[in-house]
Amino acid sequence: MSTPPAKEPHYTKIAEWVSECGANGMETAAYQHLAKRINHASGSRIVDPSRARLAADVGLKKADDVDPYLRALEALGAVVIHAAKGMRTKYELPLWPPEGYDGPANTFEADKWQKDDPKGYAAWRASRRALVEAAEAPYAAKRRARVAKSAARKRAPQKPDVPVVTGTSEGGDVPVTTGTHRPVVTGNHQPVATGTNQNDPNDQTNMGDGRRPTTGSTRPAGGGFAASDEMSSADEKPKPAELRTVVEGVPEPLKQLLQEDWPRGLPGRVNELIEEGLTKEHRTPAQLLERMARRWQAFGYEDALLSQSGEGIRRGIGVLEELLSPSKCDGNNIDCEDGIVLYSGQECPRCQESREDRTAARANATAPNVAAPQAAAAPVRRAVPPPRPEAVGTISEEARLEAAASMREALRNRARLR
């Protein structure tokens, strides 16, 4: 038998009059998920979870699906909704029943009333549901009108877009682009020269050989095939269906959060990021969808929005831009998708080499600075003067006596001068 922990688990306090005020199962569930966020130590009974988070807690797919249950709780007096334009909606949960409440104050009174007067209790419950239906009636009418309009649009016959053809040329009619459809070239048009004689405008001998135009010396510095591909990708535009596929593949919780912040549609920056992925990175819509799904989990956004301990997401559009942003490769490898080669599934060698270089640089920076051992200083050797050369020959006796006599004479002269 396991021993229970010493600390008491967390639990939610709900007044019994709320469970007996006439709310149904989904409304009671929404109230419970609101009440569990109350900070009882602060004394405030106001909470402000996002509608997307509340819908996920209840088990709904969209943030709009939880609105009817919140409006029902407000009509029953269990919740007071404080909504202001540009501000996050706050929900106040009164501790006591509102003024004019004539229902049971607790479960004991509700059971006793139902036992003693079942018809009266049923009539009171019906009156409470009537309040909910009256509060929801305007929104229900708008939903029915929206559904009817959508159904009528689907039943209406679709008119095909036919491009208008105007003008003539040497081989026949030339279609003129109108709308979003790309015209199909027909007729005997003269092909453009794509050979090696591009510098001569009158030369048409190398036309139609199926090769790319030269990108050599005639282009400015920095040209070549890379510059040609960049210019062609910039001119290329993705199809609207591809953009729509990527936008519809945004993770559902994030999509609900974006619908609150951008009810009229996403900003143009989102389309620019999608176009950059489709044209410059040469990704397919499926690959962009896989990138968003992977980053949604790997970057921790799903846990932040949906988990019990998550901090939420303040700017949904910033998260979407991060999910769609181009893949960053340390070696500018176009096939690198967040460190993995797109078509082989293996780690990008350029990213791996750069990571190893950074690891080695950090190891060198954190290693202790040990001075290199120095060689022992050589002993200082003093210069030894060369020995004096010995006298050559000998002094005669006469010379020695003469020198001694001169020495004595000099001493006598010095004494005489004193």
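The values are calculated or read from the model by the stated rules, or taken from the named source; none is laboratory data. Remember, it's a predicted structure, so these values are computed and weren't measured experimentally. Neighbour counts are summed over all protein chains in view; Cβ atoms, including those assigned to glycine, are modelled from backbone coordinates with ideal geometry. These area figures cover heavy atoms from the full protein model, side chains too; ligands, DNA and RNA do not enter into them. Shrake-Rupley method; radii C 1.70, N 1.55, O 1.52, S 1.80 Å.
Where residues in the range 306-344 are in contact with an Asp or Glu (Cβ under 9 Å, 6 or more places away or on another chain) and closer than 16 Å to K255 by Cα, which of them is most open to solvent (accessible area, probe 1.4 Å)?
Filtering first and then ranking leaves R315.
Looking at (1) open to solvent by 40 Å² or more (accessible area, probe 1.4 Å); (2) in a helix (DSSP H, G or I); (3) aliphatic (A, V, I, L, M), which is the one condition that is false for L70?
Status for L70: all satisfied but (1).
Which of the residues belonging to the range 286-322 are part of a helix (DSSP H, G or I) and in contact (Cβ under 8 Å) with a residue 60 or more places away in the chain?
L305, L306, G316, V319, L320
Quick one: count up the residues across the range 31-67 that are open to solvent by less than 20 Å² (accessible area, probe 1.4 Å) and part of a helix (DSSP H, G or I).
Qualifying residue count for the region: 8.
When residues of the range 106-144 are filtered for being of a type outside the set (G, A, S), under 30 Å from D64 (Cα atoms) and open to solvent by less than 50 Å² (accessible area, probe 1.4 Å), how many remain?
Number of matching residues: 4.
Looking only at residues in the range 277-296 that are within 22 Å of R315 (Cα to Cα), charged (D, E, K, R) and open to solvent by less than 60 Å² (accessible area, probe 1.4 Å), which one is farthest from the chain's Cα centre (by Cα)?
R291
Step by step: first the residues of the range 74-95, then only those that are closer than 18 Å to D64 by Cα and in contact with a helix residue (DSSP H, G or I) (Cβ under 6 Å, 6 or more places away or on another chain), then the one that is surrounded by the fewest Cβ atoms within 10 Å (Cβ to Cβ). Which residue is that?
I81
Considering each of R283, R264, R244 in turn, give the residue that is farther than 19 Å from F299 by Cα and part of a helix (DSSP H, G or I).
Unique residue meeting the criteria: R244.
Whether any residue in the range 10-28 is crowded, with 16+ Cβ neighbours inside 10 Å, touching a helix residue (DSSP H, G or I) at 6+ places or on another chain (Cβ under 8 Å), among the hydroxyl-bearing types (S, T, Y) and under 24 Å from E260 (Cβ atoms) is what I want to check.
No.
Is there any pair linking a residue in the range 7-35 that is under 16 Å from E92 (Cα atoms) to one that is open to solvent by 10 Å² or more (accessible area, probe 1.4 Å) and of a type in the set (D, E, K, R), with Cβ under 7 Å and at least six apart or on different chains, and which?
The qualifying pairs are T12/K36; H33/D57.
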